[in-house]
1. Which residue, of Glu405, Glu335, is outside any loop (DSSP other than H, G, I, E, B) and in contact with a strand residue (DSSP E or B) (Cβ under 6 Å, 6 or more places away or on another chain)?
2. When residues of the stretch 107-133 are filtered for being within 12 Å of the ligand (Cβ to nearest atom), more than 30 Å from Val274 (Cβ to Cβ) and open to solvent by less than 10 Å² (accessible area, probe 1.4 Å), how many remain?
3. Just the residues that are over 19 Å from Met318 (Cα atoms) and either among the charged types (D, E, K, R) or open to solvent by 30 Å² or more (accessible area, probe 1.4 Å) (or both), please, taken from the stretch 337-347.
4. Given Ala78, Ala104, Ala91, which one is within 16 Å of the ligand (Cβ to nearest atom) and crowded, with 17+ Cβ neighbours inside 10 Å?
5. For the subset of the stretch 236-250 comprising residues that are open to solvent by 20 Å² or more (accessible area, probe 1.4 Å) and not in a loop (DSSP other than H, G, I, E, B), which member is nearest to the ligand (Cβ to nearest atom)?
6. Quick one: would you say Asp72 is modelled with pLDDT under 95 and in the same structural domain as Val143 (by TED's automatic domain parsing)?
7. Suppose we filter Asn316, Asn294 for residues that are closer than 15 Å to Lys382 by Cα, modelled with pLDDT of 95 or more and not charged (D, E, K, R); which single one remains?
8. Within the group Thr311, Thr325, which residue is assigned by TED's automatic domain parsing to the domain that holds Arg359, farther than 21 Å from Met375 by Cβ and within 20 Å of the chain's Cα centre (by Cα)?
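The values are calculated or read from the model by the stated rules, or taken from the named source; none is laboratory data. What you see is a predicted model, and the numbers here were worked out from it, not measured in a lab. Here the Cβ positions follow ideal geometry from the backbone for every residue, glycine too, while neighbour counts run over all protein chains shown. Only protein heavy atoms, including side chains, enter the accessible area calculation; ligands, DNA and RNA are left aside. Shrake-Rupley method; radii C 1.70, N 1.55, O 1.52, S 1.80 Å.
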Amino acid sequence: MVNQFEALKKTDIDVYTALMSEMERQSYGIELIPSENYVSAAVLEAIGSIFTNKYSEGYPGKRYYGGNQFTDVIETLARERAKKLFKCEHANVQPLSGSPMNQAVYLAFCKPGDTILGMDLSHGGHLTHGHPVSHMGKIFNFVRYKTHPEENGRIDFDELMKVAKETKPKIVLCGYTSYPRDYDYTYFKEIADAVGAITMADIAHIGGLVAAGVMRNPFDYGFDIVTTTTHKTLRGPRGGMILCKKEFAEVIDKSVFPGLQGGPHMNTIAGIAVALNEALQPEFKEYATQVLKNSKVLAKTLMDSGMKLVTNGTDNHMMVADIVTSFGYDGKEAEKTLDKIAITANKQVIPDDANPPLRPSGIRIGTPAATTRGMKEADMEKLGKWIVEALQAKDDEQKLASIKENVMKLCKSFKVPGIKVK
Ligand SMILES: *Cc1c(COP(=O)(O)O)cnc(C)c1O
């Protein structure tokens, strides 16, 4: 079981105290940020292990340092499990997180100035998909597509085909950080084939749902490259993976190391191996199925209570609420209000948001973490009602305090894995 941090308490009381407070914070409230989750006690043990002491530059069997017989075991396990889980031919498990995993792919196939087609940030794309503030946005020519304003988040593929033919991208990238629908990968593949581009799906958010087979797998549609973080729905430690066809294995591996990174974090890779093994078990499929059920119920409860959701519903683990339209104030205020009832969500831009990024019009809500704690549909109905009540009450501190009581009472019956509370 998880250790009691006795050594830490003795040598660094400041870090120890912050850790204890964070444990309490994670236990007493409910985490509805869709990109967050709770790892298992076994994953925690692996991440907190002495694998962190080891330098393992290179790949299994081809290292630049001695003493790697056991890190080879760990990394090979992680790679094989990833391949099995995502039904692919090659897996690189070394990217230090989601952003470097995407950078490694761009740098593997593109020269500075080359064009990459990606989704606009305000419509759900990620910073690493070419937002001007990201370094990648300065190095490559990102052309960004949008969703249909009135059609529940549909992407206009005829328009996208036209843009692709005009701009001749090297990579057709799809994937999102704030988009509540699934993709029809067929169309992206058709467009990429028409212009001779590589297909890349960044499934950072939905990796666990794809692994469990409850959302579409881009490899079933002939995709070349799939990237995913390991710490979101996949419920592992913070990291990234690049999955690909065999023909791209060498160029991807070289791009990650020595192209972009130095020594891999072997303790993290040990944790990833454990998480991937967990994801191969039947219980994980049940978990992923429940994430989607919970998300549907939460979305319906919110909409039935009068909340406007971008895309008017959800096909995945998250929803984006239009707070300005629903309540007449912004997402930052909404985030603050939910904090007061022990619910953590995050402010979020909505498509073509008229508000600035630090005061965007929406919030993003998701069910992966709550589902890991064991919450089901009935709990989602309660949470959904409390969320709308709180957002309507806004400055009524007394009302907010009484809702908070209810939230905390509910949370008491759902333990956070890896945290023992007195
Ligand atoms: C979270 C995310 C990333 C980046 O992951 P980090 O680990 O935060 O760097 C990349 N792409 C998408 C679509 C994401 O949602």
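1. On the way: Glu405 fails: in contact with a strand residue (DSSP E or B) (Cβ under 6 Å, 6 or more places away or on another chain).
Result of the check over Glu405, Glu335: Glu335.
2. Applying the first criterion (within 12 Å of the ligand (Cβ to nearest atom)) to the stretch 107-133 yields 118-119, 121, 124-131.
Add one more test, that the residue is more than 30 Å from Val274 (Cβ to Cβ), and what stays is 118-119, 121, 124-125, 130-131.
From what is left, the residues that are open to solvent by less than 10 Å² (accessible area, probe 1.4 Å) are 118-119, 124-125, 130.
Of the residues in the stretch 107-133, 5 are within 12 Å of the ligand (Cβ to nearest atom), more than 30 Å from Val274 (Cβ to Cβ) and open to solvent by less than 10 Å² (accessible area, probe 1.4 Å).
3. Hit for the stretch 337-347 is Lys340, nothing else.
4. Numbers: Ala78 fails: within 16 Å of the ligand (Cβ to nearest atom); Ala91 fails: within 16 Å of the ligand (Cβ to nearest atom).
Going through Ala78, Ala104, Ala91 in turn, just one is within 16 Å of the ligand (Cβ to nearest atom) and crowded, with 17+ Cβ neighbours inside 10 Å: Ala104.
5. From the stretch 236-250, those open to solvent by 20 Å² or more (accessible area, probe 1.4 Å) are 238, 245-248, 250; that's our starting set.
Okay, now just the ones that are also not in a loop (DSSP other than H, G, I, E, B), so 246-248, 250.
On the way: Lys246: 24, Glu247: 24, Phe248: 19, Glu250: 24 Å.
Here the residue is Phe248.
6. Against the criterion (modelled with pLDDT under 95 and in the same structural domain as Val143 (by TED's automatic domain parsing)), Asp72 does not qualify.
7. Details: Asn316 fails: closer than 15 Å to Lys382 by Cα.
Testing whether each residue is closer than 15 Å to Lys382 by Cα, modelled with pLDDT of 95 or more and not charged (D, E, K, R) leaves just Asn294.
8. On the way: Thr325 fails: within 20 Å of the chain's Cα centre (by Cα).
Of Thr311, Thr325, the one residue that is assigned by TED's automatic domain parsing to the domain that holds Arg359, farther than 21 Å from Met375 by Cβ and within 20 Å of the chain's Cα centre (by Cα) is Thr311.
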